[in-house]
1. At a 10 angstrom cut-off on C-beta neighbours, averaged per residue, how do the peptides 146-152, 66-72 rank from highest to lowest?
2. Return the FRET efficiency for the residue pair residue 57, residue 190: r is the Cβ-Cβ distance, R0 is 30 Å, and the value is rounded to the nearest 0.05.
3. How much length would be gained if the chain were fully extended between residue 176 and residue 25, taking 0.36 nm per residue of separation minus their Cα-Cα distance, in nm to one decimal?
4. Neighbouring Cβ atoms within 10 Å as the yardstick, rank 125, 87 fewest first.
5. How large is the Kirkwood hydrodynamic radius of the range 55-114, counting all unique pairs of alpha carbons, in Å?
6. Using a Förster radius of 30 Å, what is the FRET efficiency between residue 96 and residue 129 based on their Cβ-Cβ separation? Nearest 0.05, please.
7. What length, rounded to one decimal in nm, is gained on full extension from residue 160 through to residue 117, with 0.36 nm per residue of separation minus their alpha-carbon distance?
8. How big is the range 56-216 in terms of Cα radius of gyration and Dmax, in angstroms?
C-alpha cells in the first residue's frame, strides 16, 4: 500500500505579542532615562591619568574659567549647607539678603561668580536669565580683597562636623594669578587638602572610575 504524503505547510509565527512587548520596553526606558544636565560653566579641564572618581556630595567646587574668573558652587544635595553659607555671608557683609534671594542660592545648579556688591542683584535674577549675565568672577587676585576667603570661611562653618570635599576645576587655559589667589584663600582658612577635577584618560581597568565610566556606556 503506497504511503500517504502529507502536504508540507510553512510554519507561521505570530509576532504581534513580541512586538508589543518590545515597544513597551522601549517606551519605558525612554520615559525613565535621566540625561546628564549640561554644565552651567563650560570649562575645558586638562587631561590626567586618574583612577578616582570625583565625589558628588558634600562638595564645594571652585571653578576657574579660561579668562581667570573664579566661581563657587555647592553640591545640590547640600541645600541646608547652602542656606547656612549664604546667610553667613549676608550677615557678615551686611547685605541684608531677602528670603527669596537666600532660596535662590540654595536652589539646584546655582553658582556665584560676582563680588559681594553684585550678589543681591545676581540672586534676584530669574533662573532663565542667569546664563545671560556676564559675571566678572569672585575677586581673588587682590590680596587685600580676596573675597573667596570669606566664602570658604562660611562654607567651612556650614560643613562643621562633616567632611567637606573641596574641589578645584580649572580650565586648561586659565590664568595662574587666579589659581594663586584661590590657593591663598585655601591657606587663610587652613584648607590644605583639595582635589583637582581633570579629564581622565587611560583609566586603569578595575578601578572605581573605570567601573563608573563602564556603567555609563
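We did not get these values from a lab; they are worked out from the coordinates using the rules stated. Please read these numbers as outputs of a predicted model, since none were measured by experiment. Reconstructed Cβ throughout: ideal geometry from the backbone, glycine too, with neighbour counts over all protein chains shown.
1. Going by the mean number of other Cβ atoms within 10 Å, highest first, we get 146-152, 66-72.
2. Given R0 = 30 Å and the Cβ-Cβ separation, E is 0.85.
3. Going from the current span to full extension adds 49.2 nm.
4. Values: 125 13, 87 16.
Least crowded to most crowded, the residues run 125, 87.
5. Values: mean 1/r = 0.0824 Å⁻¹.
For the range 55-114, inverting the mean 1/r across all distinct Cα pairs yields 12.1 Å.
6. On the way: r = 23 Å, r/R0 = 0.75.
E between residue 96 and residue 129, to the nearest 0.05, is 0.85.
7. 12.8 nm
8. Rg, Dmax (Cα atoms, Å): 16.2, 52.
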